[in-house]
Structure formats: C-alpha cells, structure tokens
Amino acid sequence: MRPTRILVRVTAAALLLAATACGSSGGSASSGGLRPPDLKAPTHLGRAEGQVNLIAWAGYVEDGSDDPKADWVSGFEKQTGCRVRAKVAADSDEMVKLMKTGDYDAVSASGDASLRLIASGDAAPVNTDLVPNYRGVYPDLRMRPWNSVKGRAYGIPHGRGANLLMYDTGKVKPAPTSWSAVFDGAAPYKGRVTAYDSPIYIADAALYLKASRPELKIKDPYALDQKQFDAAVALLKKQNADIGEYWGDYLKEVSAFKSGDSVIGTTWQVIANLAASEGAKVRAFVPKEGSTGWSDTWMVSARAKHPTCAYKWLDWIVSPKVNAQVAEYFGEAPANAGACAHTADRNFCAVYHAADAAYWKRIAFWNTPIEQCLDGRTGVKCVPYAAWVRAWTEIKG
C-alpha cells in the first residue's frame, strides 16, 4: 500500500469559517444549530453529461498514471461515459476555496471542511436513494454530525482513520497507555517528541484535558469556551519545549522514527505500518483517553454542472471493489462493509479496524470549531477556528 494523504493544514485566515458558518462536535453533538440554505436534493438523475470535475485528496482519484496498479478511474469512465477531471487539493481550505468557484461537481471533504461547505450553501443535500451502494456503508458512518444536518444527508462517506500514539518500543519504557506520555510526561523524551503541524491539533490537547482535568468540563474537543481553550493552548505551549519536530509529511515522520530523532508522538496507522516495514521498532495505538480522527465525505456542489456524472462517481467510489482499492492504496478504513471481501491483503480491514464499531466510538472525528457551542451549551461562546489558527502560531513560537 502507498500512504498518500497530505496532512490537513489550515493556515490561511482569509479562508477561515465566517461567523455564520457552523461546525459540530466530533461524534457526540448534533449539528442541529446549523441553518444551511434551503437547497433541494435531486429526485432523479438525467442523462450522463460526459464529464465530472472533482476535487480530492491525493490518492483518491487514481487513473494509473502515477501507479499502473492503481486505476479505478478508467473503469468508471468506460462504464458511465463520464470523463474524470480531478484536482488534487493540499488542504481543506483549498477545497473550500475551489468549491466556491462553481467549477467543480464534487469534493472529498474532511470533517473540518464539510460543515463549512454546507453552511455556505456550496454543498447540496444528497439523495442517498440515487446512490445504491450507500446501503453498504457502515451504519456508524451514516448521518453523522459532520455529514448531515437535521436528518438530511449532505454526502456519501468514503473512509476514516484515527490519529494514534506511536512510540519506539526499545526507547520508550515503560510502554505508554495515555496521551500523558506526550503532554505531562514528555520530559524524559525532550527533543524527540513529535506532533502533527496543524491548528486542529489543539483538539488533541483538549481531548487529553477532558480526561486529566475534569474540572474543565470539556465535553467536546472541538467546542471549547475561552477557559477550556486557554488550558489546551497552555498545555501545548508547555509541550513545545519537548517537541523535536512538528510533522506534515509522513515520510519525514517515518525517517525520524527510523533514525531515532523521534521516539514518541502522533501518527496514522498507515505511517506506523510503513515505519515498521522499514525496520523501525514502533507500536501505534489508541490511548485510554481515546483519539481524534478524520472521516471523509464525497459531497456534491450546489452548482454542479454535471450532477448526474457526480452521482455516478459517488456510487462508484463507494462500491465494494473500488472502495477496497482506494482504502488499501490510501491507507484508511473503507466506508463500505463489503469492501473487506475485496482487499488484496486479507488482514487489511482487521488492521484498520474497519468493522470495529467499539473502536470508532473512541474517536472524536475532526470538525470546525465555531462560536456556537454545539456540545449543547447555551449562554457561552466557544472559540472559533480563526482563533485556533492564531494560537497555533503562538504555540509553535
């Protein structure tokens, strides 16, 4: 398998969520406070338009040009007559910006972008009856806070992954069980702790504080009032003294663990697998507090010029065989339960916990922080994402 995901970096303030745009919690709260434009999902599909323009993460739309063994675009074009034109986006902000142009029909949005697209009216509701393979999607991925609003679906789940704690089994002893190993207990590994380079990492600190400092009363790591937010930022500023490198490139993290420059920090399952295959003595797991994570959703533009081809792509990409190909190539758990019967590696779905509902209940999936505290609180404002970006710059010094 080839890990191709580029870390979501949200650094352009001009593209941040406006005050009226809304997000929700990572799997616990409802997005019911969101009031998107009253857009309608289609009731039927017309004739295929002959083309579909997509925005996607690297590794999601492969036509064999990068790797002859990775091609699920050619089969789609032959079956549907829809020619695929894809734009690879570097981060969620770029996806949001590109969708606003109206030049694209669909996008593979992560949770920190999906509700922005819904709130702005750039993404339309999706009629799941027009996507037959949606029936095979794991139930715990359907109608979640990051891909639906008030019982209306706004996309088709594609895949998911967790942000894990990885450590060098020969250099980190005793074996850690908690995120405290990179926060309150990081001093023994000073200069060899690593963390991913993104403002959304503040949620990881908040998730740890939710368990370690119950007096803060954090319910949702993406819905932080000022006191909770300040505590998370203070923890990360303290951690900064022990950080050797913030990573945004999976190859750099693999190299750092192989050389010993990093011995403990956050990772993805696919990176842990690659590091181990190249000789690094590492283990990656979900600590006792749980973890943050990501779940991607294919969404249709409200101004799609090729809506029929877009719907055909949504059905194709989540079909069992194709979803298996994408998941293995990309390094993530597939969304369609039937995909596990088609992976080349028969242990793939077990390694990525594809069907392990209990595992995913421990993951707080990415969402965009907003002023409305969608963890159910009223009478208090939560810290919006623009402030997270500013704080991240301060944290890194």
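As a rough footprinting exposure proxy, the listed residues Ile55, Ile118 were ranked by other beta carbons within 10 Å of their own, and the order from fewest upward is Ile55, Ile118. Here Phe257, Phe365, Phe285, Phe183 are placed in order of increasing Cβ neighbour count within 10 Å, fewest first, which gives Phe285, Phe183, Phe365, Phe257. Ordering of 296-302, 130-136 by packing is 296-302, 130-136, highest average first (other Cβ atoms within 10 Å, averaged per residue). Is the shape of region 135-199 best called rounded, prolate or oblate, per the rule: a/c under 1.5 gives rounded, else a/b larger than b/c gives prolate, else oblate, with a ≥ b ≥ c the square roots of the Cα gyration tensor eigenvalues? Note, shape of region 135-199 comes out prolate. Under a GNM of the chain (C-alpha, springs under 10 Å), which listed residue has the highest mean-square fluctuation: Gly111, Gly290, Gly376? Judging by the Gaussian network model, the answer is Gly376. Straight-line cross-link partners of Lys312 among the aspartates and glutamates, defined as a Cα under 14 Å from its Cα and at least 8 positions apart when in the same chain: Glu49, Glu77, Asp105, Asp129. Extension gain for Ser178 to Ala358 (0.36 nm times residue separation, less C-alpha to C-alpha distance): 63.0 nm.
The distance linking region 143-173 with region 370-397 is 20 Å (Cα centroid to Cα centroid, whole angstrom). Amide H contacts for Glu289 (H built 1.01 Å from N in the peptide plane; partners 5 or more residues away or on another chain; cut-off under 5 Å): Trp179. Would you give the gap between the C-alpha center of region 246-273 and the C-alpha center of region 301-324, rounded to a whole Å? Comparing the Cα centres of region 246-273 and region 301-324, I get a distance of 33 Å. Need one word for region 249-397: rounded, prolate or oblate. Basis is the Cα gyration tensor (sqrt eigenvalues a ≥ b ≥ c); a/c below 1.5 gives rounded, then a/b vs b/c decides. Here region 249-397 falls in the oblate category. At full extension, Val351 and Ala276 could sit 25.6 nm farther apart than now, given 0.36 nm per residue minus the alpha carbon distance. Can you flag which of Lys238/Lys361; Lys173/Lys237; Lys190/Lys210; Lys217/Lys381; Lys227/Lys288 are past 18 Å Cα-Cα? Too far apart for the 18 Å limit: Lys238/Lys361; Lys173/Lys237; Lys190/Lys210; Lys227/Lys288. If you sort the three axes of the alpha carbon gyration tensor as a ≥ b ≥ c, you get a/c of 1.5 or more for region 54-139 and a/b no higher than b/c, which makes it oblate.
Since every read-out is calculated from the coordinates, none of them should be taken as a lab result. Everything numeric in this text was worked out from a predicted model, so none of it was measured. Neighbour counts run over all protein chains shown; Cβ positions are idealised from the backbone, glycine included.
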